[in-house]
There are 2 protein chains.
Amino acid sequence: MIPYGRSAGVDPGEQVRRAVVKKDVAVDAESGDNRERILDAARRRFTAQGYTGTTIRQIAADVGVDLALVHYFFGTKDALFVAAMELPLNPATTASEMIAEARTGDFGVRLVRRLLDIWQDAASQNPMLAMVRSAATHDEAARMLREFFADVVVGPVVASLEMDEPELRVSLASSQITGLAFVRHVIQLEPLASADPDTVAAWVGPTIQRYLTAPVPNP
Amino acid sequence: MIPYGRSAGVDPGEQVRRAVVKKDVAVDAESGDNRERILDAARRRFTAQGYTGTTIRQIAADVGVDLALVHYFFGTKDALFVAAMELPLNPATTASEMIAEARTGDFGVRLVRRLLDIWQDAASQNPMLAMVRSAATHDEAARMLREFFADVVVGPVVASLEMDEPELRVSLASSQITGLAFVRHVIQLEPLASADPDTVAAWVGPTIQRYLTAPVPNP
């Protein structure tokens, strides 16, 4: 299952939970407030300092809460980023699912099919499009997206691919996925903009599969 | 040879040339002024009304010059659009070159190689990036780009491909080309952002070739 929006990655782990309970934080009454204040602080920090340059410790200090409370609400830094930016999925989770499927022949098709579903569901709220638009016009947003992507998606996928030139493969796959989102949802060029998901996946899936697993071509 | 920027498509044809000469327009003295005024009017019209809704007649009327003078300076409507938007190439010209090459096995590689060169040269002035950025954030700009692309690129390529589902093929190829431009030049994700053009063409070229000429896959 793909975690969605604000509930993404809320899996604190028993150790963190116990630490929070011991401190007797009034989770019921104040949790909503603290949660929103943490998200606000996270948005400010990520935008100002990028993904890599921001720590959960800084965000906790901004809000004046314990570090453990941030972990309690959001788990890891990438899950906090996903929640703060209201992304429709956690690319880290998707990346590990991709890795698990990467050895089978049609995982490219399944990946594209799943992305199309996610984009469709998210279309009404448009956080992903807002982020792509923002990255297209603001250098800070582009840097934030690039750093997050490199840390959270490229790192794990590359580590597991065991292929030549894994980083280049992942950025090539990203170029097709980004372009598909851009042409289908931003520019809305027909007939791709309204082509049915199975057809699009049958065309684009093998491209992703080839970028990630085919032998390196001779230039 | 690919026509560049403001010189793109300046091929008035003998008939138009004679018409202008007969009217004895003071081309030498006033041509610079008139040329700039035509470009300004074109930018305003295209932005306000889109590509399809704008006519060369309207632009000539805005400036108060003869229709033939606009044709004399810029040739066709698509060439005027290219000049007004300062695009680094005329997609109509590139499209006909693509068509001529489309039957050979590696035209995808050659197309991508050429696009990479063009984007590289244009990087200092950035008109293409400005247009992509504009399309990402303004619905009018997205509509203008979509209409221009559909009329000028999709139309001629589709007419010549003689394949099943030609429009879908062209929009799929566009998604990979747009995504490559976006990831390499806007988001600048490494290592694709600085990979050498031959390597990128060897990877991405076969994708374009497949979208345009491979059999339709079963969903």
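Okay, here's what the table says:
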item	result
Positions within segment A:189-219 being in contact (Cβ under 8 Å) with a residue 40 or more places away in the chain, closer than 13 Å to B:Asn218 by Cα and not aliphatic (A, V, I, L, M), in sequence order	A:Pro197, A:Asp198, A:Gly205, A:Pro206
Flag if A:Arg143 is within 13 Å of B:Gly179 (Cβ to Cβ), of a type in the set (D, E, K, R) and either more than 8 Å from every other protein chain (Cβ to nearest Cβ) or buried (at least 19 other Cβ atoms within 10 Å of the Cβ) (or both)	no
Among (1) modelled with pLDDT of 85 or more; (2) under 24 Å from B:Met85 (Cβ atoms); (3) crowded, with 22+ Cβ neighbours inside 10 Å; (4) at the interface with chain A (Cβ under 7 Å from one of its Cβ atoms) - the single one B:Ile208 does not satisfy	(4)
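Table: residues versus (1) surrounded by fewer than 16 Cβ atoms within 10 Å (Cβ to Cβ); (2) modelled with pLDDT of 85 or more; (3) within 7 Å of another protein chain (Cβ to nearest Cβ).
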| position | (1), (2), (3) |
| --- | --- |
| A:Phe148 | no, no, no |
| A:Asp151 | no, no, no |
| A:Ala159 | yes, no, no |
| A:Arg169 | no, yes, no |
| A:Leu172 | no, yes, yes |
| A:Ser175 | no, yes, yes |
| A:Thr178 | no, yes, yes |
| A:Val186 | no, no, yes |
| A:Asp196 | yes, yes, no |
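Here's the yes/no breakdown for (1) modelled with pLDDT under 90; (2) surrounded by 14 or more Cβ atoms within 10 Å (Cβ to Cβ); (3) charged (D, E, K, R):
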| residue | (1), (2), (3) |
| --- | --- |
| A:Glu30 | yes, no, yes |
| A:Glu36 | no, no, yes |
| A:Tyr51 | yes, yes, no |
| A:Phe73 | no, yes, no |
| A:Leu80 | no, yes, no |
| A:Glu86 | yes, yes, yes |
| A:Thr93 | yes, yes, no |
| A:Met98 | yes, yes, no |
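The values are calculated or read from the model by the stated rules, or taken from the named source; none is laboratory data. It should be emphasised that the depicted structure is a prediction, and the values quoted were computed from it without experimental measurement. Reconstructed Cβ throughout: ideal geometry from the backbone, glycine too, with neighbour counts over all protein chains shown.
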